Amino acid sequence: MNWNELKFKYTKTNAIIVANYSDGEWSHLQVINDDKITINALSASLNYGLQAFEGLKAYRGYDDKIRLFRPIENASRLRRSAEFLGIPSPPESMFIEACKMAVQENIGYLPPYESGATLYLRPLLIGIGGQIDLVSSNDVLFIVAAIPVSSFAGDKKSSFNKALIARDHDRTAPMGSGAYKIGGNYSPSIVAGQKAKQQGYAALLYLDSQTRNHIDEFSSSNFFGIKGNNYITPDSPNILPSITNNSLMTIAKDMGMTVQKRAVLTEELATFDQMAACGTAIVVLNISEIHDPLTGTVYSSKSEGNSTNKKLHDTLTGIQTGVVYDKNNWCLEL
Ligand code: PLP
Ligand code: COI
């Protein structure tokens, strides 16, 4: 494979891992050397969007070891999303085992250390039984796929990236499902995200839907800003609790920074030295400008460079690849 040419795109790999939940219990994990599955056309996932998913990565380290980053957190977030939808989710041990199997079965697709690419794991939980009534599904399929990917957004060669504030739709309702990783939160942002990308924006930034005065998060990543020695990230009931953001907050504290998780007013964007998007797929992406199409305001980061964002990025990826000591035991070695 030509690792340099990878993007965040689907490639069919060797196998997916699946398990079935029916009659109140999970089947064993199975390896399927195909990316097609057969489910009922009247399933709740196809008809009512009854599905939850996750995203995590396997990293080839400098020492050749393979590491998964905080997979237990993904297992528990999937459980939270599944509970929100009223569907069963795999126990933590089964989730981890499926992720390990997905890596092992697709080992030829695991990008080498320092290739700039990683193996993205996509755990998926879908309701598969036939139904037309609006009830939770008792028949569920758990899938883990593994896909080699490179950067999700932004220019690989430059740290200049701009983001666009979404002003013609909200990501989630005030008491909606924003804090869960379910497909229904993503489909409404796809067209707007594509348009923004065509206009040269690396990410679409959502405001809170109650007042539209505060920053919530990007369509597939959290927001943080750096002001002096402070790491500031929005506290909102409607954003996805990002495992990357949570890790960066710990790293920032270890770097001697003060972490503030609090409401961030849109106008405050004018005051940050540096800004970033963070998440599994995007890692830490420096955001130099945020454009508000409603007011025409361009919020630019005040500092010329991106040194703090880069330090946070490099420490995080250093831990993931075994270069930086993993003092919190975040990595699971395979
Ligand atoms: N916010 C949204 C809406 C996301 O889809 C993601 C990606 O998973 C994140 C934030 C970042 O979360 P994590 O760091 O756990 O990947
Ligand atoms: C991730 O970081 O795992 C994501 O959520 C990205 C995905 C929605 C494309």
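The values are calculated or read from the model by the stated rules, or taken from the named source; none is laboratory data. Quick caveat: nothing in here was measured; it's all calculated off a predicted structure. With ideal geometry, Cβ positions are generated from the backbone for all residues, glycine too; neighbour counts draw on all protein chains shown.
Please determine, by comparing only the residues of the range 45-99 that are within 13 Å of ligand 2 (Cβ to nearest atom) and of a type in the set (Lys, Arg), which one is surrounded by the most Cβ atoms within 10 Å (Cβ to Cβ).
Arg77
Would you please list the contacts, defined by Cβ atoms under 7 Å and residues six or more apart or on different chains, that run from a residue in the range 175-194 that is of a type in the set (Ser, Thr, Tyr) to a residue that is part of a helix (DSSP H, G or I) and within 11 Å of ligand 2 (Cβ to nearest atom)?
From the range 175-194, the pairs are Ser177/Asn185.
Give the residue, chosen from Leu205, Leu269, Leu240, that is within 16 Å of ligand 1 (Cβ to nearest atom) and under 14 Å from Lys162 (Cα atoms).
Leu205
Answer yes or no as to whether Leu240 is farther than 22 Å from Pro293 by Cβ and not acidic (Asp, Glu).
yes
What are the residues in the range 88-141 that are touching a helix residue (DSSP H, G or I) at 6+ places or on another chain (Cβ under 8 Å) and assigned to a helix (DSSP H, G or I), if any?
Selection gives Glu92, Phe95, Ile96, Cys99.
Tell me, please, whether a residue that is touching a Ser or Thr at 6+ places or on another chain (Cβ under 6 Å), within 16 Å of ligand 1 (Cβ to nearest atom), in contact (Cβ under 8 Å) with a residue 60 or more places away in the chain and closer than 18 Å to Ala117 by Cα can be found in the range 59-75.
The answer is yes; a qualifying residue exists.
Applying the selection to the range 279-305, what residues are buried (at least 19 other Cβ atoms within 10 Å of the Cβ) and either among the hydroxyl-bearing types (Ser, Thr, Tyr) or not assigned by TED's automatic domain parsing to the domain that holds Leu269 (or both)?
Within the range 279-305, Thr280, Ser288, Tyr299, Ser301 meet the criteria.
Among (1) under 15 Å from Val140 (Cβ atoms); (2) loosely packed, with under 15 Cβ neighbours inside 10 Å, which single condition is Asn2 missing?
Answer for Asn2: the failing condition is (1).
Tell me which of these Thr11 doesn't satisfy, since it passes every other one: (1) at pLDDT 95 or above; (2) polar (S, T, N, Q); (3) within 16 Å of ligand 2 (Cβ to nearest atom).
(1)
So which residues in the range 211-227 are over 18 Å from Pro188 (Cα atoms) and of a type in the set (A, V, I, L, M, F, W, C), if there are any at all? Steps first, answer last, please.
Step one: of the range 211-227, the residues over 18 Å from Pro188 (Cα atoms) are 211, 213-215, 223-227.
Those that are over 18 Å from Pro188 (Cα atoms) and of a type in the set (A, V, I, L, M, F, W, C): Ile215, Phe223, Phe224, Ile226.
Could you tell me which of the residues Arg79, Arg122 is free of Cβ contacts under 8 Å to residues at least 24 places away in the same chain and closer than 20 Å to Leu50 by Cβ?
Answer to the selection: Arg79.
Would you confirm whether any residue within the range 268-280 is part of a loop (DSSP other than H, G, I, E, B) and more than 16 Å from ligand 2 (Cβ to nearest atom)? Lay out the reasoning, then the answer.
Going residue by residue through the range 268-280, those that are part of a loop (DSSP other than H, G, I, E, B) are 272-273, 280.
Pick out the ones that are also more than 16 Å from ligand 2 (Cβ to nearest atom) and you get 272-273.
Taking every residue of the range 268-280 in turn, at least one turns out to be part of a loop (DSSP other than H, G, I, E, B) and more than 16 Å from ligand 2 (Cβ to nearest atom).
Where the second residue is surrounded by fewer than 18 Cβ atoms within 10 Å (Cβ to Cβ) and the first is at positive phi and lies in the range 85-109, which pairs have Cβ atoms under 7 Å and are six or more apart or on separate chains?
Every condition considered, the pairs that remain are Gly86/Ser136.
Can you name every residue in the range 140-153 that is modelled with pLDDT under 95 and either more than 15 Å from ligand 1 (Cβ to nearest atom) or among the charged types (D, E, K, R) (or both)?
Ser150 - this is the single residue of the range 140-153 that is modelled with pLDDT under 95 and either more than 15 Å from ligand 1 (Cβ to nearest atom) or among the charged types (D, E, K, R) (or both).
Could we say that Thr317 is within 16 Å of ligand 1 (Cβ to nearest atom), in contact (Cβ under 8 Å) with a residue 24 or more places away in the chain and hydroxyl-bearing (Ser, Thr, Tyr) here? Please lay out each step first, then the result.
On the way: within 16 Å of ligand 1 (Cβ to nearest atom): yes; in contact (Cβ under 8 Å) with a residue 24 or more places away in the chain: yes; hydroxyl-bearing (Ser, Thr, Tyr): yes.
Answer is yes for this residue.
Within the range 2-46, track down each residue that is charged (D, E, K, R) and more than 27 Å from Val135 (Cα to Cα).
Going through the range 2-46, the residues charged (D, E, K, R) turn out to be 5, 7, 9, 12, 23, 25, 34-36.
Passing the criteria: Glu5, Lys7, Lys9, Lys12, Asp34, Asp35.
Please pick out the residue among Ile87, Ile37 that is within 24 Å of Lys12 (Cβ to Cβ) and either among the aliphatic types (A, V, I, L, M) or away from ligand 1 (no atom under 16 Å from the Cβ) (or both).
Exactly one of Ile87, Ile37 is within 24 Å of Lys12 (Cβ to Cβ) and either among the aliphatic types (A, V, I, L, M) or away from ligand 1 (no atom under 16 Å from the Cβ) (or both), namely Ile37.
Within the range 146-155, identify whether any single residue is away from ligand 2 (no atom under 15 Å from the Cβ) and surrounded by fewer than 18 Cβ atoms within 10 Å (Cβ to Cβ), and answer yes or no.
Within the range 146-155 (the criterion being away from ligand 2 (no atom under 15 Å from the Cβ) and surrounded by fewer than 18 Cβ atoms within 10 Å (Cβ to Cβ)), the answer is yes, since at least one residue qualifies.
Only one of (1) free of Cβ contacts under 8 Å to residues at least 40 places away in the same chain; (2) in contact with a Pro (Cβ under 6 Å, 6 or more places away or on another chain) fails for Ile215. Which number is that?
Ile215 satisfies every listed condition except (1).
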